[in-house]
C-alpha cells in the first residue's frame, strides 16, 4: 500500500477496477468502481473522520487496487474477505491509524454498502444515469478542475517523496532522511522509519527531531535501552523539544524500565509544564503508584480523566484511551 501511495495512479487503478468488473457475473462492469468512488470510500473517510480533499484520491487508489486484486477465481465471500484484509492495510497506511482502529473502520465500512444494497433500485438507476456519455461530458467540462484537484493531492505527495529520495542521495543531507522517516512513520512502517532516522543522526548527531522519533519508535518496540539513550540525547540538546513532550516520552521509558525515581523526575517536570496532558498524568500516576503513594496516584488518575473529558471535541477520540486506562487504575 505504501508503494501504491508513492507510485500509484488513480487513473490506472480505476481502469483496472473497470477491467475487473467484467469478471463479475452480475451488474454492469462499471458498477464496482462507482460503488467504491461514490459509496464505499466516502463512507470510510466519514467513519475515520479523515480529510476528504487530502485523503480521497489516495484511499480510492488503494481501494481500487485492492478490489482488483480480490477478483481472483475464488468463491465470492472469500473475495470479500480478501478485500477487507487489503482495506485494513490501506486504512492503516493512508490514515496512519493503529490496528484496532483500522479493523473497526473496515468493519464499520460495511454500513454504507448495506445502505446502498437497501436502496439499490434507486442507486442502480442513478448509476445508469451517471454512466451516460452526455452526463459524463458535462461533468468533465464543468467539474474537471475539481476532480483534478482531488487527484492533485496524491500527485503532490508523490512528487514530494521523489524530491526527498533524490535529496537523500546526498550523504550529507540528514534532513531528507528525517523527512522520509516521517513519511514511513505516519504509514506505520516503523522499521523503515527507524532506518531513516538512524541515517539522519549518523549524518548529523545534533538532529534532535530524529533522536526524539527514534526514542518513540524504540519504546513502542520494547527496545528500552536504545529508546532511553536517544531521548536523553534529545533532552540534552533541547530541554523543551516538542513542547516538552520529550520529557513525557523519557519518563514513560524510565517507567517501563522500572527506574521509578528517574521517571518521577521527568514526569513531574512535564506535568508541571503541561498540567492538562492526559497521557503524562496517567504515566505519572503509575509512577507514584509504584512508589507506594496511592493518594497522589489517585489524584493524578482523576486529573487525567477530567482532562480527557474537558479536551476540545476534535481531540477527545485521541485522548479517550488515557481516560479509560486511568479509570481502570483508579
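Taking the residues in segment 66-120 that are at pLDDT below 85 and either more than 15 Å from residue 39 (Cα to Cα) or in contact with a helix residue (DSSP H, G or I) (Cβ under 8 Å, 6 or more places away or on another chain) (or both) as candidates, determine which candidate is surrounded by the fewest Cβ atoms within 10 Å (Cβ to Cβ).
It comes out as 73.
Please verify whether segment 139-148 includes one or more residues that are part of a helix (DSSP H, G or I), at pLDDT 75 or above and either farther than 20 Å from residue 95 by Cα or under 27 Å from the mean Cα position of the chain (by Cα) (or both).
No.
For residue 117, are the conditions met, namely being touching a residue at least 60 places away in the same chain (Cβ under 8 Å), more than 30 Å from residue 185 (Cα to Cα) and in a helix (DSSP H, G or I)?
Criteria not met by residue 117.
Pick out the one residue from 34, 24 that is loosely packed, with under 15 Cβ neighbours inside 10 Å and modelled with pLDDT under 90.
So the residue among 34, 24 that is loosely packed, with under 15 Cβ neighbours inside 10 Å and modelled with pLDDT under 90 is 24.
Can you find even one residue in segment 278-300 that is at pLDDT 95 or above and within 15 Å of residue 231 (Cα to Cα)?
The answer is no; no qualifying residue exists.
Of the residues in segment 153-184, how many are in a helix (DSSP H, G or I) and either surrounded by fewer than 14 Cβ atoms within 10 Å (Cβ to Cβ) or touching a residue at least 40 places away in the same chain (Cβ under 8 Å) (or both)?
Going through segment 153-184 one residue at a time, the tally reaches 14.
Taking the stated definitions as given, is residue 226 in contact with a helix residue (DSSP H, G or I) (Cβ under 7 Å, 6 or more places away or on another chain), outside the structural domain of residue 198 (by TED's automatic domain parsing) and either part of a helix (DSSP H, G or I) or within 23 Å of residue 193 (Cβ to Cβ) (or both)?
Judged against the criteria, residue 226 is not a match.
For segment 188-204, check the following and say yes or no: at least one residue is within 22 Å of the chain's Cα centre (by Cα) and in contact (Cβ under 8 Å) with a residue 60 or more places away in the chain.
yes
The values are calculated or read from the model by the stated rules, or taken from the named source; none is laboratory data. Values in this document were obtained by computation on a predicted structure and should not be read as measured data. Cβ sites come from the backbone with ideal geometry, for glycine too, and all protein chains shown count toward neighbours.
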